[in-house]
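One structure is given here, and the rest of the page talks about it.
All of the numbers you see were taken from the coordinates with simple rules; none came from a lab. It should be emphasised that the depicted structure is a prediction, and the values quoted were computed from it without experimental measurement. Backbone-built Cβ (ideal geometry, glycine too); neighbour counts: all protein chains shown.
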Amino acid sequence: MNWISNWIQGIIIAVIIGTIIEMLLPEGNCKKYVKVVIGVYILFSIVSPVITKVTGSEFRVSDIYDINSYIEASTKSTQDYAEINKENQIKQIYETNLKKDMKQKIEEKGYKVKSIFLELANDEQYTLKKINISLSLKEQNTEENDVKIVNEIQISVADNNENQTDDVKISYKEQENLKTYLSSVYNLDKKDININ
C-alpha cells in the first residue's frame with residue numbers, strides 16, 4: 001500500500017510542477033513544445049514506478065543516454081561507410097570515362113585497343129599516375145565491291161602449341177609517337193606510359 005501512495009504522490013507532484021511551468025510561460029510558438037516536454041515528464045513519472053515494480057530493477061534515464069550514444073555511433077559509422085562507398089563509385093565512374101575517352105582517341109589514330117589499365121592517385125582529383133595500354137594496328141577496311149586477289153597459300157603445321165596472333169605489332173617509333181600524344185593530352189610523363 002505504501003508503494004501506491006508514493007506513486008500517486010509522484011504523479012501529483014509532476015502534474016503540479018507541469019501546471020506551474022505552463023502558467024509561467026508566455027504565449028508563443030514555443031509553448032506547444034514545452035507542453036510536449038511537460039507531458040513526457042508526467043508520462044515518465046507515471047510509467048517509471050510501474051516498470052520498477054514489475055521488473056524489479058530501477059529504470060534510469062542514463063540507460064536511455066547509453067542507447068542514444070550507441071545509436072549516434074552506429075549512425076556515424078553508417079555515414080562514414082556511405083561516404084567511402086560514394087568516393088569509390090565516383091572514382092570508378094571517372095576511371096571508366098577516362099578509359100573510354102582514351103580508347104576513342106587512340107582508335108582515331110588508327111590503332112586497335114585490346115586493354116587499358118590506369119593507375120589513379122587517391123587524392124581529390126584522382127590524378128592519373130600511370131597508363132598501361134595493350135594495342136595493335138587496325139586492319140585496313142576494304143569496300144565490299146573491291147575484289148581481293150588471292151595469293152598462293154601455304155599451310156604449315158607446327159609441333160609447338162604457341163598461340164599465334166593475327167594482330168600486327170606496332171613499331172617502336174609509332175609507340176613513341178603515341179606516347180608523346182598521350183603525354184600531351186593527359187598531362188603525364190612519357191615514362192609513365194607503357195604500350196604493348
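Some points to look at:
- Placing pseudo-labels 7 Å out from each Cα toward the beta carbon at TYR181 and GLU83 gives an inter-label distance of 4.3 nm.
- Net lengthening on full extension, LYS109/LYS191 (0.36 nm per residue, minus Cα-Cα): 27.5 nm
- Cross-link table LYS109/LYS130; LYS31/LYS53; LYS169/LYS191; LYS86/LYS169; LYS99/LYS169, entries beyond 30 Å C-alpha to C-alpha: LYS31/LYS53; LYS86/LYS169
- P(r) for segment 2-59, from all Cα pairs and a bin width of 10 Å, is 23, 42, 24, 10, 1 %, short bins first.
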